[in-house]
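Inspection log for the structure reproduced underneath, given as C-alpha cells.
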Protein chains: 8
Amino acid sequence: MRDANTVFHLAIPARDLDEAFDFYVKKLGCKLARRYHDRITLDFFGDQVVCHLSDQFDEEPQMYPRHFGITFSEKSQFDNLYKLAKQREVTFFRDLSTRFEGLIEEHLTYFLQDPSNNLLEFKYYYDPRMMY
Amino acid sequence: MRDANTVFHLAIPARDLDEAFDFYVKKLGCKLARRYHDRITLDFFGDQVVCHLSDQFDEEPQMYPRHFGITFSEKSQFDNLYKLAKQREVTFFRDLSTRFEGLIEEHLTYFLQDPSNNLLEFKYYYDPRMMY
Amino acid sequence: MRDANTVFHLAIPARDLDEAFDFYVKKLGCKLARRYHDRITLDFFGDQVVCHLSDQFDEEPQMYPRHFGITFSEKSQFDNLYKLAKQREVTFFRDLSTRFEGLIEEHLTYFLQDPSNNLLEFKYYYDPRMMY
Amino acid sequence: MRDANTVFHLAIPARDLDEAFDFYVKKLGCKLARRYHDRITLDFFGDQVVCHLSDQFDEEPQMYPRHFGITFSEKSQFDNLYKLAKQREVTFFRDLSTRFEGLIEEHLTYFLQDPSNNLLEFKYYYDPRMMY
Amino acid sequence: MRDANTVFHLAIPARDLDEAFDFYVKKLGCKLARRYHDRITLDFFGDQVVCHLSDQFDEEPQMYPRHFGITFSEKSQFDNLYKLAKQREVTFFRDLSTRFEGLIEEHLTYFLQDPSNNLLEFKYYYDPRMMY
Amino acid sequence: MRDANTVFHLAIPARDLDEAFDFYVKKLGCKLARRYHDRITLDFFGDQVVCHLSDQFDEEPQMYPRHFGITFSEKSQFDNLYKLAKQREVTFFRDLSTRFEGLIEEHLTYFLQDPSNNLLEFKYYYDPRMMY
Amino acid sequence: MRDANTVFHLAIPARDLDEAFDFYVKKLGCKLARRYHDRITLDFFGDQVVCHLSDQFDEEPQMYPRHFGITFSEKSQFDNLYKLAKQREVTFFRDLSTRFEGLIEEHLTYFLQDPSNNLLEFKYYYDPRMMY
Amino acid sequence: MRDANTVFHLAIPARDLDEAFDFYVKKLGCKLARRYHDRITLDFFGDQVVCHLSDQFDEEPQMYPRHFGITFSEKSQFDNLYKLAKQREVTFFRDLSTRFEGLIEEHLTYFLQDPSNNLLEFKYYYDPRMMY
C-alpha cells in the first residue's frame, strides 16, 4: 500500500489551458486546485497533475515510451471511469481490452487521449499484487 | 487524502535498463517489481514507474513541460531523500531551494536527473493544503 | 477522502430546543454532545450540527439556496436512513428520487424537514467520484 | 472519528459565481469540482460546499443562527489557514480569539466572511473531545 | 468510529483463574496477555478484560444491570463466534434471538455465561448507526 | 490494535438516570445516544456504556473486582480528561498516581466514581505494549 | 490487527542468490529491495525476507519445526497466489488442503518449497480470529 | 506499508514449551493465543510465531543464516523493548549497536536469544525507506 498523505506529481504539456481544463475537469471529473496564466494544477484521482502551457507536446499521440494513469484497486472504479469516458465522448486512443488473458498478470486496460496528445492509461488487475 | 490502495503509474523512456536499475533501485532505493527485456517496473515511493527501453529520451534534461516526483507530507521524508541523494552522488539538476518564501505556498524543492535525462522533483510544503 | 479527525460544523436555527432534540436525537439517531439554555450540539453522522434557539428560521422550507446533509459512500447507509425516517415518521420534504438517470452523475436523493424548516438532503452516488 | 469516505454537503447562496470562485478557490485554496451556470461545487476541506446563484443572501453578515466551518484536529492546520487568510487579505468578520480560556472547552476561533455574507468559523480545541 | 489505539478495560470477578483461562482463552479464543497469582489479563476482541480472583461473583447469573460484550460490525464475525461457542460447548445464558424485529433497531443477540456467572452479550445490528 | 468499527458494550446499574446523564454527559463529556424510561445509552469514548435504572448498585464503591475505563494511547488524552474531571469537580475515588514506577509496566492512573458508586479507571502506559 | 508501519523480518539461507531472485521475484512476485554480493533483501508481502548466501540450508525440506509464510485475510489473496504458483510451476511441498474441517479452526493451506529447501506456508482461515 | 489485516507466521523449534512460554509471554510480553501438547502459538508484535516442541534446535546460537524479528517504525518502540529486555534480564546475543553509521542505511540493532537458541533481531532505521 502507498502512503495516503503523500502525493505523486506529474507535469505535462498543454497547448491550451482552457482545452486542458475542459478535458480534465469537465470531462474526467478531476478537481481544479489552482489556475495561473501558464498552467493549471489538478487533483487527479488524489495525485497531482500540472498542465503547463507549452508547444512541446507530441504532434502524434504515442503509447511508448510516455504515458501515465491510474491502476484501480476496485473494478467498479475502473468501470465507472470507462462509462464516464464513453458518455462524455472522451477520445479513446485504445478502447477497453484484456492483456495477458488467463495468466495471473491478466488485466483490463484502456487508453484515453487528451487534447495535447498526452496518453492516459487506466488499468484493473484481477490480482492486485500484479499492479507494480 | 488519496486512496492508499490505488496506484499512479507513469511510463518513461530509458536508454539503458541496467543504468535505470542502478539509478532507481541501487541509488534511490526504489524496489524492483519486474524485469523484462524491454522494461523494468518499479515500486516508486508506493506508485509505479515503468522504464521502457527507448531512444526517445530527451537529449537535454528540461524542467518544463515534463517532470515528475513526490510531494512528501513529512519533512523528515524530504530530508532523508536529500541526504540519500547527496551521499550516493545522484545527479542534481537543481539543488535544494525554497520557492515562494514567506507565502503560504512556500515549499522546499530539488530536482534529480536520471541517466536518461528524465527529471524528478521532490517537494515539501509547510502547509500541506498547498500540495495540489 | 476527507480527514477522519477533522469535523465540519454547521450552525442552524431552531425555534425550540426540545423539538430539535426530538428530531435529531430521538428520530434521526444523532448523538447529543451538549445542551445549553440556548443551543444543543450534536454529533451528526460524525460532524457537528449546532441548533441555536432563534426566531430567524424560515417560515417556509425552501430547497434553495440553503440545505445540508450527508452523501453516503455505501448504499446500505443511505437505505438504512431512509427506512429509519419512514418508520419514525420523519417529515419528508421530497421523497426518494433519482437524479441524472443513466448518466454517470446519477444519484439517489431524499429531503427531510426538521421542525424549524431546515432541509436535510441525503444522497448516494453510484460513482463515488461524483460526490463533490 | 468520522467516516473518511462520507461527505458532508452544504448548499449556500452566492450573489455572483465568479466572486464565489475567487473567494473559495483562489483565496481559501478549496478545489473546484464542477461549474454550472447556476452553481459551483467545491471540495471544501474534504467536504462539499455548493454555492447556488441566489438573491437570498444575507444583506448583513450575522454570526447567529447560521454559520459553518471546520474544526481542525491539528493546531498547525488552524494556524496555516489563518496565515493564508491574512496573507491573501480575506475579510475577517471576527479575528482570532480564545473562548472559554482556562476551561477544558478552551478553543481558538476566527470568522471569515465570504462575498455573499456567509460566515465561516474555523476552530481549534486543545482537548479534541470538546469538538462536538 | 472508535480510536483503534485506545483500549477499553474491564475488571470482573473470577472464582478460579484456571477456569477463567479455560473459558476465555481455550474456549472463546481470547489471548492471554499476563498471568499473576491473583488475576489474568486478556486481549478480549482487542480490548482488555481482567479476571480478578474474588469471591464476590454473582451466585446467580443476572442479565441486568451488569453484563458486557461486543457489538460486531460484520455479520460474519457474529456468526463465527456463535459457531465457535456452540462447537466448544460454551454455556449459553440465552441463545440466539432477534430483538426489535422489523424496526431499524433490529439486531441479533446471544448471551454467554462464564464460570463465575459473568454474562457476555454479543450483538449484530443491521444498521450500524444503532450500535450505540 | 483493535478494530475501529467494533464496539465494546458494558451495562452498569444507575440508581437515577438524571444523575447518570449529569455525570456521563455534562461532566465527563460523553455523548447521549438514546434515552428510555429505564436506561440511557452512551457513546463512552467510542464504546458503549448503558446505565440501567436499578437498585443493585454497590452501596460502597469498591475497586475490586469490578471497575472499567479507558487506557489511552496518547498522554495528552489522559491529561485532558484529568483536567476536565478536576475542573468539573468529578468525585475521585483515587487521585492520580503512578504504578510500577521505574518498571516497563509503569503507568499513570486515577479512579473516578459515578453517582451509583461505579468506579472508572483511566490509565496511560509509557510503553503501549503493556496496555493489555 | 497488526501495525501497518512495522515490518517483520526473517533471514533465511540461500545456496544461490540468482536462484533465490528467480524464485522470490520472478515467480512469487515479491519485490527486490537490495542486492549485495552475499544476500538479497525482499519486500515479501509487505514484510522483509533476506536470503543470505549460505551452505547451511536443509538438504531435505522439512515441514517442522521451521517454516514461514502468510496468513491472508481475504480468500481471493489466497486463491490468487495459488493460481500464480500453479501457473508459474513453483514447487509445491504439499498441495492445497483443508485442515480441521468443520471446526471453527478450519483453514486452507498449501506449502511451497524454495530452491534452498525453505518451506513457505500460505493459509486462509474462515474465521479470522483463528489466525493466531 | 504492509496490510494491517494480513499475518506473517513463522514456525520455530522449542526444546521446552514452558521455557518458550516464559520467554515469549512473561518476558517479551507477547500474547499467548493457543497452547497444545506439542506447540504454543503467539501473537508476536501482531504477527504469529509458533514454537514447536522439537529437538532440532541449534546447539549454538548463530546469527546467520537464520534469525527473525521486528523493524520498528517508532524509535520509542525500539527503546521500550530494549528497556524491557534489560529489566527482565533477557539474554542478549549482541547488545545495542549502530550499523552503517553516518550513511542513510544507519540503524540501531540488538539481538536477543531465546531458550532454544533462536535469535531475534530488533531494528530501528532513521530513514524508514531503508527498512526493506
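Which far-off residues, 5 or more places away or on another chain, put their amide H under 5 Å from the one on residue H:39, with H placed in the peptide plane?
H:53
Please compute how much accessible surface disappears when C pairs with D, both sides summed, using a 1.4 Å probe, and round it to the nearest 100 Å².
Looking at C and D, the buried total is near 4500 Å².
Roughly how crowded by other chains is peptide E:25-32, in terms of the mean Cβ count from those chains within 10 Å of each of its Cβ atoms?
5
How shielded is D:117-130 by partner chains, expressed as the average number of their Cβ atoms within 10 Å of its Cβ atoms?
The shielding value for this peptide is 3.
To the nearest 20 debye, what is the magnitude of the charge dipole of the range G:51-107 about its Cα centre, counting +1 on the Cβ of each Lys and Arg and -1 on the Cβ of each Asp and Glu?
For this selection, approximately 240 debye.
When a/c reaches 1.5 or more, the comparison of a/b and b/c decides; with that in mind, is the range E:60-116 rounded, prolate or oblate per its Cα gyration tensor?
Here the range E:60-116 falls in the oblate category.
With point charges of +1 on the Cβ of Lys and Arg and -1 on the Cβ of Asp and Glu, referenced to the Cα centre of chain D, which listed residue (D:1, D:104, D:126) lies farthest in the positive direction of the dipole?
Checked the options; the winner is D:1.
Counting only heavy atoms of the protein chains, get the accessible area per residue of the protein assembly as shown (1.4 Å probe) and round it to a whole Å² value.
Result: 38 Å² of accessible area for each residue.
Counting Lys and Arg as +1 and Asp and Glu as -1, each charge on the Cβ, what is the dipole of the protein assembly as shown about the Cα centre in debye, to the nearest 20?
Once rounded to the nearest 20, the dipole reads 0 debye.
May I ask what percent, to the nearest 5, of DSSP beta bridges between residues of the range B:67-132 are antiparallel?
70 percent
Note down the relative contact order for the range F:4-64 as a percent, whole number, built from C-alpha pairs under 8 angstrom at least six residues apart.
For the range F:4-64, the relative contact order is 40 percent.
Using a/c under 1.5 as the rounded threshold, could you call the protein assembly as shown rounded, prolate or oblate? The axes a ≥ b ≥ c are square roots of the C-alpha gyration tensor eigenvalues, and prolate needs a/b larger than b/c, oblate otherwise.
It comes out oblate by the Cα gyration axes.
Taking θ as phi - 60°, what are the ³J(HN,Hα) couplings along the range E:76-87 by the Karplus curve (6.51, -1.76, 1.60), each to the nearest whole Hz, with x for Gly and Pro?
4, 5, 4, 5, 4, 5, 4, 4, 4, 5, 5, 5
In sequence order, what are the phi-derived ³J(HN,Hα) couplings for the range G:4-10 according to the Karplus relation 6.51 cos²θ - 1.76 cosθ + 1.60 with θ = phi - 60°, rounded to whole Hz, with x for glycine and proline?
5, 9, 8, 10, 7, 10, 9
Antiparallel versus total DSSP beta bridges in the protein assembly as shown: what percent is that, nearest 5?
70 percent
Pop a pseudo-label 7 angstrom from the Cα along the beta-carbon direction at both residue E:38 and residue F:87 and give the gap in nm to one decimal.
A separation of 3.6 nm, rounded to one decimal place.
What's the magnitude of the charge dipole for chain D around its Cα centre, counting Lys and Arg as +1 and Asp and Glu as -1 at the beta-carbon? Answer in Debye, nearest 20.
400 debye
Nearest-5 percent of antiparallel DSSP beta bridges in chain E?
Of all bridge pairs located within chain E, approximately 65 percent are antiparallel.
With a 1.4 Å probe and all protein chains left in place, how much of the accessible area of the range B:32-132 comes from carbon and sulfur atoms, in whole percent?
Roughly 47 percent of what the probe reaches on the range B:32-132 is carbon or sulfur.
Over chain C, one equal point on each Cα, no solvent: what is log10 I(q)/I(0) by the Debye formula at q = 0.09, 0.14, 0.15 Å⁻¹?
Taken in order of the listed q values, log10 I(q)/I(0) reads -0.27, -0.65, -0.74.
How high is the relative contact order of chain G, in percent, counting Cα pairs under 8 Å that sit 6 or more residues apart?
25 percent
Take every residue in peptide B:12-19, count the Cβ atoms of other chains within 10 Å of its Cβ, and give the average of those counts.
Neighbouring Cβ atoms belonging to other protein chains average 1 per residue here.
The values are calculated or read from the model by the stated rules, or taken from the named source; none is laboratory data. Worth saying up front: this structure is predicted, and the values here are computed from it rather than measured. Every residue, glycine among them, receives a Cβ derived from its backbone with ideal geometry; neighbour counts consider all protein chains shown. In case anyone asks, the SASA skips ligands and DNA or RNA and just uses the protein heavy atoms, side chains included. Shrake-Rupley method; radii C 1.70, N 1.55, O 1.52, S 1.80 Å.
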